[in-house]
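Asker: For reference, the structure I am asking about is given below.
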Amino acid sequence: MKRLIVEGITGSGKTTLLNCLKDKFSQWEELNYLSLSQFYTNGLIYRKTDSSVEMECYHNLNKICDFIEYFDNGYDTYGTKDIKRRIVSVLECFHIENYAKGYMSNKALFKDLDDKMKNRGYKLIILYLPENSVMERSIISTSRYRNSEKWDNYLAALGKDVEEIKEYFIEIQNEILKWADLSSMDKMIISTEDMDWNTYVNDILKFLEG
């Protein structure tokens, strides 16, 4: 069973890594592949600030847990023991980013979601950028390849200048690491400074088999 949650700040390479993993799984003829982007796990509540945001986050993520459990239970009920027929999935962010960004803070809800994903067989990958790479990867590069007014406006909302925006991303990364440390899932931290995606994928595949 191959199930991963990939967490990391903007520019750390989450989307690139997900695409590389999807290509690898397709070569192995993994038939039931589920990939959810950050839009479904975090973006649906983007920048909401009212008091209901924590429970809205929780319910959104819990529905994903229920979806996975439903199909797992279905396969067990019908006697299918072929592991390749189970859902192989990679999620771009899940509960940790929501906690790191302050949408959620309740530790009991964190444990509930974390335990459910651990029980479903998920492992946790944290993509990490050294602080001296954050300016280039999280701000300059993303502005260049996204090249949109909407993205520029998003960055501008994070700070009054590039130094303040950089500090925002560093703070979020530190929060991701803090919350990841509380997770009971098996975890792996990868520095993506060198952007050696083939090596990262191979290391992750070994991690999954461990």
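The values are calculated or read from the model by the stated rules, or taken from the named source; none is laboratory data. In this text the structure is predicted, and so the values were computed from the model without any measurement. Backbone-built Cβ (ideal geometry, glycine too); neighbour counts: all protein chains shown. Accessible surface is based on the protein model in full, side chains and every heavy atom, while ligands, DNA and RNA are left aside. Shrake-Rupley method; radii C 1.70, N 1.55, O 1.52, S 1.80 Å.
Asker: Can you tell me which residue among Ile176, Ile165, Ile139 is open to solvent by less than 20 Å² (accessible area, probe 1.4 Å), touching a helix residue (DSSP H, G or I) at 6+ places or on another chain (Cβ under 7 Å) and within 25 Å of Leu205 (Cβ to Cβ)?
Answerer: Ile176
Asker: Which residues, taken from segment 110-126, are open to solvent by 30 Å² or more (accessible area, probe 1.4 Å) and in a helix (DSSP H, G or I)?
Answerer: Lys111, Asp112, Asp115, Lys116, Lys118, Asn119, listed by residue number.
Asker: In this structure, is Asp194 surrounded by fewer than 12 Cβ atoms within 10 Å (Cβ to Cβ), at pLDDT 95 or above, not hydrophobic (A, V, I, L, M, F, W, C) and not in a helix (DSSP H, G or I)?
Answerer: Yes, satisfied.
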